[in-house]
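The values are calculated or read from the model by the stated rules, or taken from the named source; none is laboratory data. Being a predicted model, the structure only gives us computed values, none of them experimental. Heads up, the Cβs are rebuilt from the backbone with ideal geometry, glycines too, and the neighbour counts pull from every protein chain shown. The protein model used for the area step is the full one, side chains on, heavy atoms only, and it has no ligands, DNA or RNA in it. Shrake-Rupley method; radii C 1.70, N 1.55, O 1.52, S 1.80 Å.
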Amino acid sequence: MANTSVLFSFCSLLMSAIFAYSGFVQLNDPDWYFWFPLYASSCVVNMLNWAISSNFIRKIAEVTLWLGIFLFFKVVMEDFVNETAGFWSLDLSERVVREKTGSGLVIFSLILQLQALSKLENSKSGNQRKKKVFPRFVEYGMAILVSFSFGLPLVFFVVRNEEMKFD
C-alpha cells in the first residue's frame, strides 16, 4: 500500500463517491455513452490511486483526463453556440453548466491524481518505498475540490432550492 496522507486519501475516496454517483445518474441521459465512462473511470482512479501505484492506473487516468478535456470543450462550445449560460456560469439548473462543471471536476481531480502518482513513482528506490510527502497543492487541491464539489450542489439545490432544466 502506498504511503499517502490521510487528507489526500480521504479526499480521493470522497471524489470517488461523487464520481460514482455522477456516473449512476448519467444512465438515463441520451448521451450516457460519453459521460458514464468518464465518471466511472474517474471513480476507479480516485478509489485506487491512493492505495495502489501502477502503470495501469496511470494509463486509465491519462485516457480519462483526455476524455474529460474533450467533453469539457464539447460542452463549452455547445454553450457558446447556443448562448445558454455563459462560460463562468454556475447555474446548475442548466444541463450544459452541470456537464461543464462535472468534466471540470474530473479534469482537476485527475491532474492531482497524476501528480500524486508521479510523486509515488519518484519516491520508490529499488523495492523500497520511502515515506512520500505530497506537494501542498496536491493535498489542499483535493480538499478544495471536495469542498467545491459537495458545496456547490448543496448551496444550489438546498439553500437556493432551484430546479434543474432538462433540454
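Values computed for the structure shown
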item: Per-peptide average of other Cβ atoms within 10 Å, ordering 54-61, 5-12, 151-158 highest first; result: 5-12, 54-61, 151-158
item: Packing-based order for 96-108, 13-25, using average beta carbon neighbours within 10 Å, highest first; result: 96-108, 13-25
item: Solvent-accessible heavy-atom area per residue, rounded to whole Å², over the range 51-96 at 1.4 Å; result: 61
item: Heavy-atom accessible area ranking, 1.4 Å probe, most first, across 29, 79; result: 29, 79
item: Viscosity 0.890 mPa s, temperature 25 °C, Stokes-Einstein D of the range 41-122 from Kirkwood C-alpha radius, µm²/s; result: 182
item: Solvent-accessible ranking of 66, 35, largest area first, probe 1.4 Å; result: 66, 35
